[in-house]
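Here is the structure we will look at, set down as structure tokens.
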Amino acid sequence: MAEPLVLIIDDEESMRDACTQILLKNKYRLADAGDGATGLQKIRDLRPDAVIVDLKMPGTSGFEVLENLRLFDPRIMAIVITGYATVDSAVEAMKKGAYDFLPKPFSPEELRVIIARALEHRRLALEAEALRREKKLLEENVITMVSHQ
């Protein structure tokens, strides 16, 4: 299985570079976008496992990215980063589907832990989904076999 892909969406190049350097040590595949619209296009094209998104960006905001991300694939784990952290913005981000909320500045270890936890959550959710599909298929096969006997 390929290493998880993490997309970093932030209008600050220094923040994208810092996140990239922090996460390279975890052997993730990484991509970035300098604005929300480009980020949404990369989400469609690359289908990342996790997205780190800044809330305050010109043009398409992080909130808009979260809303569209949920419509595209609700299983992508979204981690919100912002220098303008408030309780209201954190609650709003979580309502729009963010997995976690990380105020700037944050430590490299905080980012690594949150990404690792989000990716593990995704892995377990996908595994549970696959098991439910397998169980349903087995039940249907048993019903078919019983009804033919």
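The values are calculated or read from the model by the stated rules, or taken from the named source; none is laboratory data. On a predicted model such as this, the values are computed, not experimentally measured, just so you know. Don't worry about glycine lacking a Cβ; one is built from the backbone with ideal geometry, like all the others, and counts go over all protein chains shown. Heavy atoms of the whole protein, side chains included, go into the accessibility calculation; ligands, DNA and RNA do not. Shrake-Rupley method; radii C 1.70, N 1.55, O 1.52, S 1.80 Å.
Here is a yes/no grid of residues against (1) open to solvent by 50 Å² or more (accessible area, probe 1.4 Å); (2) charged (D, E, K, R); (3) touching a residue at least 40 places away in the same chain (Cβ under 8 Å):
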| position | (1), (2), (3) |
| --- | --- |
| 8 | no, no, yes |
| 13 | yes, yes, no |
| 16 | no, yes, no |
| 22 | no, no, yes |
| 26 | yes, no, yes |
| 29 | yes, yes, no |
| 33 | no, no, no |
| 37 | yes, no, no |
| 48 | no, no, yes |
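Of (1) modelled with pLDDT under 90; (2) more than 13 Å from the chain's Cα centre (by Cα), residue 72 satisfies all except one. Which? Answer for residue 72: the failing condition is (2).
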